[in-house]
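All remarks here apply to the structure that follows.
The values are calculated or read from the model by the stated rules, or taken from the named source; none is laboratory data. Computed from a predicted structure; not experimentally measured. Cβ sites come from the backbone with ideal geometry, for glycine too, and all protein chains shown count toward neighbours.
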Amino acid sequence: MLKTRHVRAVTEMLDDIVKEYKLEVPKRERDWRTYEQRLMVRIKGAIEELEPLVEEATGSITVVKAQRRGRKPELTIKQKTILLLLKRLFDRSNREMSTQLMAFSMLTGIDVSYKTVERLYSDEEVLLALQNLHVLILRKKRVVDPDCSGDGTGYSLTVRKHYATEAQKLKNRVKSAKKSSKKKEKMGFIYSFALMDLDTRMYIGYGTSFKSEKDAFLKAIEMAKAVGIDSVRLDQYFSDQSCVKLFKEKFGEVTVYLIPKRNATVRGPWEWKQMLKRFVEDPKGYLREYYRRNQSESGISEDKRRFGWRIAQRREDRVDTAAFCAALWHNLFWLK
């Protein structure tokens, strides 16, 4: 019978177990020649799939206006959606993007101002199209009840502040500061969290928040409900019973892999006890499954190398849209 002392005995030796495990599992070397070839195939595939997928995503959207007033829209929903996604891919400012469109207007017939480009981030039709696109990409890849991992990060909203540095400053401030009546300082970064399917490397759930990583995590969970989850791996920030209960409530039977804290106890729901039992009986086998979450870390690194660590928008809704566009491109690059 599993007891709390059994769990804590393993957690006390965990550092030594991890060291031994890493010696037994050699690090895989990357073949850079084949990596570059696969990368080019993914990029070409993403560009080829973009237009037909956006066509399908926008085809079901019908706009009905009570009164037909004002000018006719300069762009169709499809054009607006593709324009926003390309802007995120090229990582250009609104003025730079509108200037480039002006140069290519002889081919595309599209010539809009930088203000029109900025408004796309809060355009309700475009937001609907982006949500439809997310669903269509996962459906095309046949992602259903996947084995997942999750990880959080953040994006800076100004060139003066880097996310990792500012996040650490905020943590230190919370630990040491006393209650103050001063006006709350505006955040210089946004939290994000992504749930990844380990087989396809697709993001099945994505969330952003100005409040906390936990809030972004909860938003990602809500989005992931559309495809379900069979198993999940999360870092020690989420290593508590409430997380196990949450997955049970949202997805039913889910195999959860968390690293128990040193003061962990077997008291709690059945799913928590089962997780601890797997951890105690076969620590190395458990770590083998848990460390599959490294794919989430490499996915975030991949996104930041491609799209940068900064988001140029200021309004909260537009910041959310910019981050979601990067997540959509991540999935498009792994569609092939």
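Here are some notes:
- Close Cβ contacts (under 8 Å, 6 or more residues apart or on different chains) running from residues in the range 31-43 that are over 18 Å from Asn331 (Cα atoms) to residues that are modelled with pLDDT of 80 or more and not hydrophobic (A, V, I, L, M, F, W, C) are absent.
- Sole exception among (1) under 24 Å from Thr208 (Cα atoms); (2) out of contact with any Pro (no Cβ under 8 Å at 6 or more places or on another chain) for Gln241, by number: (2)
- Single residue of Ala312, Ala322 found to be under 30 Å from Glu48 (Cα atoms) and part of a helix (DSSP H, G or I): Ala322
- Against the test of being charged (D, E, K, R) and closer than 18 Å to Ala46 by Cα, the options Asp282, Asp303 yield a single qualifying residue, Asp303.
- Failed condition for Phe307, given (1) crowded, with 17+ Cβ neighbours inside 10 Å; (2) in contact with a strand residue (DSSP E or B) (Cβ under 8 Å, 6 or more places away or on another chain); (3) modelled with pLDDT under 90; (4) among the aromatic types (Phe, Trp, Tyr): (2)
- Scanning the range 172-188 turns up at least one residue that is of a type in the set (Gly, Ala, Ser), within 30 Å of Asn331 (Cα to Cα), surrounded by 15 or more Cβ atoms within 10 Å (Cβ to Cβ) and at pLDDT below 95.
- Any chance Val232 is in contact with a His (Cβ under 8 Å, 6 or more places away or on another chain) and under 23 Å from Val10 (Cα atoms): no
Matching residues to (1) of a type in the set (Asp, Glu); (2) modelled with pLDDT of 85 or more; (3) under 24 Å from Asn132 (Cβ atoms):
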position: Glu12; (1), (2), (3): yes, yes, no
position: Lys22; (1), (2), (3): no, yes, no
position: Arg42; (1), (2), (3): no, yes, yes
position: Glu51; (1), (2), (3): yes, yes, yes
position: Ser93; (1), (2), (3): no, no, no
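- Count of the range 275-294 residues which are more than 17 Å from Asp147 (Cβ to Cβ), in a helix (DSSP H, G or I) and of a type outside the set (Lys, Arg): 5
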